[in-house]
Each structure stands twice: as structure tokens, then as C-alpha cells.
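Each remark here refers to the structure printed beneath this line.
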Amino acid sequence: MASTFHVYFGPEADTRIWPRKIEPGDCIAALREGFDDFLTMRTDGVFVAIFYVIAGIVLVGLSSVRNALDLVFPFASGFALVGPFFAVGLFEMSRRREAGLPASWRKMFAVFRSPALPSIIALGVGLFVVFALWIDIAHYLYVRLYGPIPPAAALPFLADVLTTGRGWTLIVVGCLVGLCFAALVLCVTVVSFPLMLDRDVGLVPAVVASLRTARNNPGAVASWGLIVAAALVLGSVPLFIGLAVVMPVLGHATWRLYRRAVERDPAHEVPIKEPSAAGLREAPVFRFVWVFLDMLQFLRQRKEYARRRDSLLTDPNALKKDAETSAPNERTDAS
């Protein structure tokens with residue numbers, strides 16, 4: 001019960017967070033400071049951005065392979081909905097640099113020792129739910145306009161979308177729905193992730209503070225949303241390669257915007273800790289990684305066993321051939 005209470009409300013349920021009044025100029029200043037962080041810690045930014053580049057290409061590839069071209073744009077645009085969760089490591093880097101501490105990429109993993117990690121993960125799960133809902137609605141819109149049969153080729157589908165009335169209906173309605181999802185995520189996360197990392201206030205106070213910041217500063221938050229959207233569009237062309245620069249800059253800039261939007265409270269700020277390799281190996285988050293890797297190894301072994309079994313059923317001499325092939329490998333492993 002106490003642990004669940006901590007996740008949702010932090011160690012002090014009555015902690016109050018007071019957002020400042022900010023202007024659109026503060027967004028430009030935060031972006032400039034974030035770019036300066038990126039130039040100073042370029043290795044860190046590229047290290048995290050590689051994930052976005054690879055994941056974006058993989059998402060498009062999977063959509064194409066499965067003949068679901070109608071989901072390529074929803075996947076690419078909706079990917080930004082979960083971006084704030086993966087930028088937490090960048091927040092830690094900017095936090096360390098702000099405090100005058102060393103900020104190599106290894107320090108990024110100090111996030112896994114943060115007392116707010118369960119709260120951060122809980123909000124991240126919520127973003128993935130929003131992402132899944134967006135994909136489901138986007139697919140529903142396509143089915144309503146085009147029917148259940150997916151597009152067979154990219155160029156005819158693109159031509160149909162850009163030159164027909166139903167195509168433009170799909171574009172306009174889809175963009176309006178996507179705008180609603182993006183606005184929701186922006187209001188919920190504009191300061192929530194940095195705040196949880198900085199103060200361990202819990203999920204509910206962080207989200208409330210973020211919504212309060214958006215309510216008190218609609219012009220500044222809207223300007224920040226436009227900056228993020230424009231940067232992501234530029235970074236996504238072509239093939240998401242530009243995200244290697246855009247995502248780290250936006251991650252660092254989000255931390256800088258948080259500093260401008262929320263009054264500091266040193267008495268409640270979490271001390272900066274040094275990451276520990278042993279602690280990372282024992283962290284609950286990584287237990288899922290080890291289980292996943294073990295499962296992959298088990299599946300590989302099972303697939304190899306099935307292949308040998310089938311070969312024995314079809315070729316009686318396969319056992320002898322397999323033994324002759326595996327003997328040199330066994331001697332090599334023993335040496």
C-alpha cells in the first residue's frame with residue numbers, strides 16, 4: 001500500500017508545485033539552451049537518438065511488410081506521443097550539467113536509481129496506452145473510408161489519398177484527431193517527467209502541475225507544441241535520420257523549459273546520485289531484459305531442435321552428417 005501511494009503521490013502527498021508565468025520567448029530560450037546542452041554532450045544525445053532512428057525505421061518497415069501502409073503515417077506521427085518517456089535520460093544529463101557535475105553518457109543510467117522511477121514508468125505506460133488508442137482510431141478511420149482491405153502498394157495509395165475526396169477527408173480528420181492526442185500528451189507531460197525526476201512528487205501531483213502549467217500559460221505551451229511539431233517534421237525527413245539531432249535537442253530543451261516554468265524548491269529536490277553498474281544489473285527494470293534474452297535463447301534452441309528432428313524424419317543419414325558437422329565445433333568450443 002505504501003509503495004503504491006508513493007508511486008501516485010510521492011513521499012509527501014501535500015507537496016504543492018507552483019508554476020511560473022512564462023511567455024513564448026521562454027520556449028525559444030529553452031530551445032537555445034537545449035541546443036547548447038546537445039553541443040556540449042553530443043555523444044549522449046546521439047546515443048539516445050539512435051533508438052528513435054532505429055525504432056522509427058523498424059515501425060515503418062513492419063507496417064510495409066505486413067501490408068499495412070495505411071498505418072505508416074499514424075505510427076510515424078504517433079511515435080512522438082511516447083517520446084517524453086524515453087527522454088528522461090536526457091533530462092538527467094541536463095540536470096547534472098546544470099549542477100556542474102560530469103555528464104558522460106554513462107551518467108544517464110542514474111535514472112534507474114531514481115526513487116521516482118516507478119512513477120515515471122507508470123506515466124510512460126499511460127503514454128503507450130494513448131499511442132495504442134491513436135493507432136486504433138487511425139485504423140478505424142481508414143476502414144470507414146476505404147473498407148477492410150489494406151492498400152497493396154505505396155504509390156497508388158499515396159496518389160489516391162492526395163487526389164480524391166475520401167483521401168483528403170482521411171487527412172483532415174486524421175490530423176484533427178492526432179492534434180487532440182498531441183495536445184493531451186503535451187499538457188500532461190510538459191513538466192511532469194522532469195518534475196518527477198527532480199523532486200519525486202509522484203504521478204498525480206506531477207500531472208496536476210503539468211496541467212496547471214498548461215492552463216496558466218496557454219500561449220507559451222501552444223508555442224512549445226508548435227516548436228516540437230515543426231522540429232519532428234523536419235527531423236523525420238528523410239527516413240527519420242534528422243531525429244538524431246532533433247530528439248536530443250528537444251529532450252534537453254524540455255528540461256530547460258521545466259526550470260523556467262516551475263519554481264525551484266531545493267528542500268524537496270532529489271540529490272543527484274552516481275549510477276552503479278551492480279545496481280543496474282539488479283534493477284527490477286533489467287530483470288525483464290534478462291528474462292527476454294533467456295526466452296530468445298530458448299526459442300532458438302527449440303527451433304534448432306525442431307530442424308534436426310525434421311531432418312531425421314526425412315533423411316535417415318542426417319544423424320551421421322549432423323554428428324560429423326558438430327564434432328569440429330565441439331572441439332573448437334572445448335579449446
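The values are calculated or read from the model by the stated rules, or taken from the named source; none is laboratory data. As the structure is a prediction and not an experimental result, all values here were calculated from the model. Heads up, the Cβs are rebuilt from the backbone with ideal geometry, glycines too, and the neighbour counts pull from every protein chain shown.
Checking every residue in the range 121-133 against the condition of being out of contact with any helix residue (DSSP H, G or I) (no Cβ under 8 Å at 6 or more places or on another chain) and either outside the structural domain of D36 (by TED's automatic domain parsing) or over 24 Å from G78 (Cα atoms) (or both) gives zero matches.
In this structure, is D70 in the same structural domain as Y8 (by TED's automatic domain parsing), of a type in the set (D, E) and buried (at least 19 other Cβ atoms within 10 Å of the Cβ)? Here the answer is yes, as D70 does meet what is asked. For R106, the conditions (1) under 22 Å from F86 (Cα atoms); (2) loosely packed, with under 13 Cβ neighbours inside 10 Å; (3) of a type outside the set (V, I, T) all hold with the exception of (2).
Can you confirm whether L101 is surrounded by fewer than 17 Cβ atoms within 10 Å (Cβ to Cβ), more than 24 Å from A244 (Cα to Cα) and at pLDDT below 90?
yes
Here L239 meets each of (1) farther than 22 Å from S94 by Cβ; (2) in a helix (DSSP H, G or I); (3) of a type outside the set (F, W, Y); (4) at pLDDT 65 or above with one exception, condition (2). Cβ-Cβ contacts under 8 Å between residues 6 or more apart (or on different chains), taken from a first residue in the range 118-135 that is at positive phi to a second residue that is among the basic types (K, R) and surrounded by 16 or more Cβ atoms within 10 Å (Cβ to Cβ), are absent. Checked against the criterion of being at pLDDT below 90, under 30 Å from R260 (Cβ atoms) and within 20 Å of the chain's Cα centre (by Cα), the range 119-129 has no qualifying residue. Among residues that are without any contact (Cβ under 8 Å) to a residue 24 or more places away in the chain, more than 16 Å from A68 (Cβ to Cβ) and in contact with a helix residue (DSSP H, G or I) (Cβ under 9 Å, 6 or more places away or on another chain), L158 is not included. One residue alone among F35, F91, F86, F79 is farther than 24 Å from G174 by Cα and either surrounded by 21 or more Cβ atoms within 10 Å (Cβ to Cβ) or at pLDDT below 85 (or both), and that residue is F91. Looking across L257, L250, L211, L243, one residue alone is crowded, with 24+ Cβ neighbours inside 10 Å and either outside the structural domain of A116 (by TED's automatic domain parsing) or in contact with a Cys (Cβ under 7 Å, 6 or more places away or on another chain) (or both). It is L257.
With the structure loaded, tell me whether A229 is among the hydrophobic types (A, V, I, L, M, F, W, C), free of Cβ contacts under 8 Å to residues at least 40 places away in the same chain and under 30 Å from R32 (Cα atoms) or whether it fails that test. Answer is no for this residue.
Got at least one residue in the range 180-191 being more than 21 Å from the chain's Cα centre (by Cα) and touching a residue at least 24 places away in the same chain (Cβ under 8 Å)?
Kept after step one, since they are more than 21 Å from the chain's Cα centre (by Cα), are these residues of the range 180-191: none.
Looking through the range 180-191, none of the residues is more than 21 Å from the chain's Cα centre (by Cα) and touching a residue at least 24 places away in the same chain (Cβ under 8 Å).
Mind checking whether some residue in the range 254-276 is part of a helix (DSSP H, G or I), modelled with pLDDT of 65 or more and polar (S, T, N, Q)?
First, the residues of the range 254-276 that are part of a helix (DSSP H, G or I): 254-261, 266-268.
Okay, now just the ones that are also modelled with pLDDT of 65 or more, so 254-261, 266-268.
Then keep just the ones that are polar (S, T, N, Q); that gives 254.
For the range 254-276, residues part of a helix (DSSP H, G or I), modelled with pLDDT of 65 or more and polar (S, T, N, Q): present.
Per the conditions (1) surrounded by fewer than 12 Cβ atoms within 10 Å (Cβ to Cβ); (2) among the polar types (S, T, N, Q); (3) touching a residue at least 24 places away in the same chain (Cβ under 8 Å), the sole criterion not satisfied by T163 is (3).
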